[in-house]
Amino acid sequence: MKVFKEEQRFTQSWLIILLVISAIVPITIITKELIEKKITTLEYLSIVALIIFSICLIFIFKLRTRIDEIGIHYQFFPFNLKMKTIKWIEISKIHIRKYDAISEYGGWGFKQGALWSKKNGNALNIKGDIGIQLELKNGKKLLLGTQKKTQAESVINNYKHQLTAS
C-alpha cells in the first residue's frame, strides 16, 4: 500500500519580508503617538501586541494532503478542522499540473473562485505552481497545491486504476 503525505505552511521569505514591512508602518505611527504623549504606554503595548498577533496568524495556516487506497484526503487548517476525503469512486480525472496561482485563482490560500473564473474550480494552495488537479464526477474541480510532484505522481499512478474500476 503506497501512501503520500505532505504538510505545507506559509514560510516563503518574500511573505515574511512583506509582513515585517507592513508591520513597520503602523508601529512607527503609534510610536510617534507615544512620543507625543497622545497614548499611554499600556495603549501602545496593546496596539503593538495586536499588530504582531495579527501578522502571526498567517503562520497557523496549514495544508495537509494524504493520498492512499481510499482516496484523496486534505485539510486546510483553520478552515477545515478535520481531514476531508474524496474517494476514488467520486473522481473522474486526476493529474499533476502546473498552474498560475494569481491568474487562475487569485493567489494562494483557500480559493473558491468568487472573484476569478469558476471554470477552474476551487484551489487550496500554500506556495509554488504545481498542483494535484481533481475533476469530480459531480462536475466540480479542486486543485491541491503540492511541493512533492514526483512522490504525488507516483502514488496517484498506483491508484489511478480505481477511477475506471468504479
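Filter the range 117-150 down to residues that are of a type in the set (S, T, N, Q) and surrounded by 22 or more Cβ atoms within 10 Å (Cβ to Cβ) and give me whichever is nearest to the chain's Cα centre (by Cα).
Result: 125.
Residues are listed down the side, and each one gets a yes or a no for (1) over 17 Å from residue 163 (Cα atoms); (2) modelled with pLDDT under 95; (3) of a type in the set (D, E, K, R):
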position: 39; (1), (2), (3): yes, yes, no
position: 55; (1), (2), (3): yes, yes, no
position: 70; (1), (2), (3): no, yes, no
position: 81; (1), (2), (3): yes, yes, no
position: 84; (1), (2), (3): yes, no, yes
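Quick check, is residue 5 outside any helix (DSSP H, G or I) and not assigned by TED's automatic domain parsing to the domain that holds residue 124?
Yes: the conditions hold for residue 5.
Of all residues being of a type in the set (D, E, K, R) and free of Cβ contacts under 8 Å to residues at least 12 places away in the same chain in the range 73-107, which is surrounded by the most Cβ atoms within 10 Å (Cβ to Cβ)? Just the residue, please.
84
Criterion first (surrounded by 11 or more Cβ atoms within 10 Å (Cβ to Cβ), of a type outside the set (Asp, Glu) and in a helix (DSSP H, G or I)) does residue 47 satisfy it?
yes
How about the range 10-37: which of its residues are modelled with pLDDT under 90 and of a type in the set (D, E, K, R)?
Residue satisfying the conditions is 37 alone.
Among the listed residues 113, 121, 107, identify the single one that is touching a strand residue (DSSP E or B) at 6+ places or on another chain (Cβ under 8 Å), over 16 Å from residue 71 (Cβ atoms), modelled with pLDDT under 80 and small (Gly, Ala, Ser).
That would be 113, the only listed residue that is touching a strand residue (DSSP E or B) at 6+ places or on another chain (Cβ under 8 Å), over 16 Å from residue 71 (Cβ atoms), modelled with pLDDT under 80 and small (Gly, Ala, Ser).
Need the failing condition index for residue 65 against (1) in contact with a Phe, Trp or Tyr (Cβ under 6 Å, 6 or more places away or on another chain); (2) without any contact (Cβ under 8 Å) to a residue 12 or more places away in the chain, just the number.
(2)
Hey, among the residues in the range 124-166 that are at pLDDT 90 or above and of a type in the set (Gly, Ala, Ser), which one's nearest to residue 4 (Cα to Cα)?
Only one residue fits best here, namely 152.
How many residues are closer than 12 Å to residue 142 by Cβ and part of a strand (DSSP E or B) if we restrict to the range 93-109?
Result for the range 93-109: 2.
The values are calculated or read from the model by the stated rules, or taken from the named source; none is laboratory data. Computed from a predicted structure; not experimentally measured. In this analysis, Cβ positions are derived from the backbone assuming ideal geometry, glycine residues included, and neighbour counts consider all displayed protein chains.
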